[in-house]
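Chemist: Have a look at this one.
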Amino acid sequence: MSDTIIQFVNALTAEAPGQPHSVQLEVDTDGDLHALYEVLLMSMTEILKKWYAPPITISRVSPRDLERLQAYFASFGFKLNLAVVPTPRVLHINNRDYLQKSRLEEMKFCVADQGQLYTVHFTNFPRM
């Protein structure tokens, strides 16, 4: 599946982001939301790998690139949400919790970096 995602990302980023819902994301997840969530995370990572040298550190993503990343996700029908808060004094991150969730918007990926806690989650981009 990762080769398919890389091919999709290469084709997607060959041009500027299109209008919301203008790109067809075709990945066989058999209706499995957990698999879809993983595809969205891998897509985000592959796009960032094209823009930034590894290791990818979320704190390095510029506001302009975050907007561009969100525009690419909107083009294939998803809203990429990023919340940033100061890192709590006590922190427990379990990025496998998504396996216990039944709705895409409840599935979250967290990472602490540079004194901030970054939380990414996806929702369907509304149709106009």
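The values are calculated or read from the model by the stated rules, or taken from the named source; none is laboratory data. Note that the structure is predicted; figures quoted are calculated from it, not measured. Cβ coordinates were reconstructed from backbone atoms using ideal geometry, including for glycine residues, and neighbour counts include every protein chain displayed.
Chemist: Within the range 32-59, track down each residue that is of a type in the set (D, E, K, R), more than 13 Å from the chain's Cα centre (by Cα) and at pLDDT 90 or above.
Modeler: Lys50
Chemist: Go through the range 25-44 and give me each residue that's among the polar types (S, T, N, Q) and either closer than 15 Å to Phe78 by Cα or buried (at least 18 other Cβ atoms within 10 Å of the Cβ) (or both).
Modeler: Within the range 25-44, just Ser43 meets the criteria.
Yes/no per residue for (1) in contact with a Leu (Cβ under 9 Å, 6 or more places away or on another chain); (2) more than 12 Å from Ser59 (Cα to Cα); (3) not in a strand (DSSP E or B):
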residue	(1), (2), (3)
Val90	no, yes, yes
Cys110	yes, yes, no
Leu117	yes, no, no
Thr123	yes, yes, no
Pro126	no, yes, yes
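Chemist: Give the range 14-24 a look and list any residue that's over 11 Å from Ala71 (Cα atoms) and surrounded by 15 or more Cβ atoms within 10 Å (Cβ to Cβ), or say none.
Modeler: Val23 - this is the single residue of the range 14-24 that is over 11 Å from Ala71 (Cα atoms) and surrounded by 15 or more Cβ atoms within 10 Å (Cβ to Cβ).
Chemist: Across the range 59-114, what is the total count of residues that are acidic (Asp, Glu) and in contact (Cβ under 8 Å) with a residue 12 or more places away in the chain?
Modeler: Residues in the range 59-114 being acidic (Asp, Glu) and in contact (Cβ under 8 Å) with a residue 12 or more places away in the chain: 4 in total.
Chemist: Restricting to the range 22-50, and then to whatever is among the charged types (D, E, K, R) and in a helix (DSSP H, G or I), can you tell me which residue is nearest to Arg127 (Cα to Cα)?
Modeler: Only one residue tops the list, namely Glu38.
Chemist: Of all residues in the range 50-77, which are hydroxyl-bearing (Ser, Thr, Tyr) and crowded, with 17+ Cβ neighbours inside 10 Å?
Modeler: Tyr72, Ser75
Chemist: For Val9, which of the numbered conditions (1) over 14 Å from Val120 (Cα atoms); (2) free of Cβ contacts under 8 Å to residues at least 40 places away in the same chain; (3) hydrophobic (A, V, I, L, M, F, W, C); (4) in a helix (DSSP H, G or I) fails to hold?
Modeler: Of everything listed in (1) over 14 Å from Val120 (Cα atoms); (2) free of Cβ contacts under 8 Å to residues at least 40 places away in the same chain; (3) hydrophobic (A, V, I, L, M, F, W, C); (4) in a helix (DSSP H, G or I), Val9 misses just condition (2).
Chemist: Continuing with the same structure: Looking at the range 51-84, which of the residues that are aliphatic (A, V, I, L, M) and assigned to a loop (DSSP other than H, G, I, E, B) is nearest to Gly18 (Cα to Cα)?
Modeler: Val61
Chemist: Right, another one. Give the residues of the range 113-128 that are within 11 Å of Thr87 (Cα to Cα), touching a helix residue (DSSP H, G or I) at 6+ places or on another chain (Cβ under 7 Å) and not polar (S, T, N, Q), sorted by residue number.
Modeler: Result: Asp113, Tyr118.
Chemist: Mind counting the residues in the range 12-21 that are without any contact (Cβ under 8 Å) to a residue 60 or more places away in the chain and assigned to a helix (DSSP H, G or I)?
Modeler: 1
Chemist: Still on this model: So, of the residues in the range 1-26 that are among the β-branched types (Val, Ile, Thr) and more than 15 Å from the chain's Cα centre (by Cα), which turns out to be nearest to Ile56 (Cα to Cα)?
Modeler: Filtering the range 1-26 for residues that are among the β-branched types (Val, Ile, Thr) and more than 15 Å from the chain's Cα centre (by Cα), the one nearest to Ile56 (Cα to Cα) comes out as Thr4.
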